[in-house]
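Quick notes on the structure that follows.
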Amino acid sequence: MIVPDARSLRSAFGRFMTGVTVVTALDARGKPVGFTANSFSSVSLDPPLLSVCPGRSLSSFETFATCERFAVSILAEGQEEISNTFAGYKGDRFARFAWTTDAHGVPLIDGASAQFSCGVHARVEAGDHLLLLGAITALSDSDRPGLGYLGGRYFSLGLERHARDPARINICGVIVEQGDSILLEPAPDGYQLPHLHLTERSGLREALADDLARRGLNARLGQVYSVYDDTRSGTHHAYLLATAAPGPLPSGLEAVPIARLGTLRFTDPSTARMLHRFAEEARTRSFTLYLGDTETGDTHPERP
Ligand SMILES: Cc1cc2nc3c(=O)[nH]c(=O)nc-3n(C[C@H](O)[C@H](O)[C@H](O)COP(=O)(O)O)c2cc1C
């Protein structure tokens, strides 16, 4: 064993698989504040209690150190962009996503797996964090699977399990943004997204990350964007978002401006529909997750 320091603690704490929540409150002027937290824990059924740990370095720390009420939204699969926003975006975090309020005006994130409205039960000084215990006064629950977090990365257990069903042919693809463009493969009968057929039982993300690296593309994978079954061919499709650093393109890929996507011909209508949605959502950077088949499905969170 070693004496703990910040680096070893971060690494060891990061081995604990968690979900992701957004913790919200109203500041002294009544303005919504919020941050991403994986320090959430269930505490007690009777009375109903939960806990979360706001760090002292949060710009909203004073609010969480003094507020009488707060709320916790457990993020669902596909809500990675919301987590990233509440972990780092410096502008108006609440202008980017749909939300409602609890009976006390405290924001709750739409499309979350579960939402809790809390009064403050107790505060415990805890080093560079505060242990905030909430007395749950109202909650909402859904069957949406929660977003996972492990070792600094997101995972979507429900989707990845589904996509790795060995009885299916799995087609995994990626919408790679590079500046104002996305990267497409020109094919004889139209454009297609970079994709691969997943035959092994290896992870979806790892397979896609390896494929992009093999093509010589320095890209960061983001949220799961579309998961659907092709009802005619019986194939299963999963597409993720990714961002590529500026730089030369590997052969076989073309950078096409997002604004031009509507004018292109694609090899299959599902890709055309998915990229039409992408172009629309890229305007507000408010990306949803499509779950369904080639005929019908839903976007999560539902668009207003
Ligand atoms: C997955 C994840 C979990 C996090 N968990 C916590 C947490 O439990 N407590 C905390 O204080 N910060 C946590 N953070 C960091 C805060 O979200 C981040 O520092 C905060 O949003 C910065 O807000 P500010 O710009 O208002 O200071 C987490 C970040 C991520 C990405």
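The values are calculated or read from the model by the stated rules, or taken from the named source; none is laboratory data. The model shown is predicted, which means the values in this text are computed figures rather than measured ones. Quick reminder, even Gly has a Cβ in these numbers, built from the backbone with ideal geometry, and neighbours come from all protein chains shown. Side chains are part of the model used for accessible areas, which takes the heavy atoms of the whole protein and leaves out ligands, DNA and RNA. Shrake-Rupley method; radii C 1.70, N 1.55, O 1.52, S 1.80 Å.
I'm checking my understanding of the structure. Among residues of region 236-282 that are polar (S, T, N, Q) and either assigned to a strand (DSSP E or B) or touching a Ser or Thr at 6+ places or on another chain (Cβ under 9 Å) (or both), which one is farthest from residue 221 (Cα to Cα)? If we take residues in region 236-282 being polar (S, T, N, Q) and either assigned to a strand (DSSP E or B) or touching a Ser or Thr at 6+ places or on another chain (Cβ under 9 Å) (or both), then 270 is farthest from residue 221 (Cα to Cα). Count of region 245-274 residues, restricted to those that are open to solvent by less than 20 Å² (accessible area, probe 1.4 Å) and either under 22 Å from residue 156 (Cα atoms) or β-branched (Val, Ile, Thr) (or both), is 3. Looking only at residues in region 76-96 that are among the charged types (D, E, K, R) and more than 7 Å from the ligand (Cβ to nearest atom), the one that is nearest to residue 146 (Cα to Cα) is 77. Only residues that are among the aliphatic types (A, V, I, L, M), exposed (fewer than 15 other Cβ atoms within 10 Å of the Cβ) and either in contact (Cβ under 8 Å) with a residue 24 or more places away in the chain or in contact with a Leu (Cβ under 9 Å, 6 or more places away or on another chain) (or both) were counted in region 187-229, giving 1.
Name the single residue that is most open to solvent (accessible area, probe 1.4 Å) among those in region 107-129 being aliphatic (A, V, I, L, M) and part of a strand (DSSP E or B). Looking at the filtered set, the residue picked out is 124. Residues being open to solvent by less than 10 Å² (accessible area, probe 1.4 Å) and more than 15 Å from the ligand (Cβ to nearest atom) are entirely absent from region 44-52. Going by the conditions given, is residue 33 open to solvent by less than 30 Å² (accessible area, probe 1.4 Å), near the ligand (Cβ under 9 Å from one of its atoms) and farther than 16 Å from residue 286 by Cα? So residue 33 passes the test.
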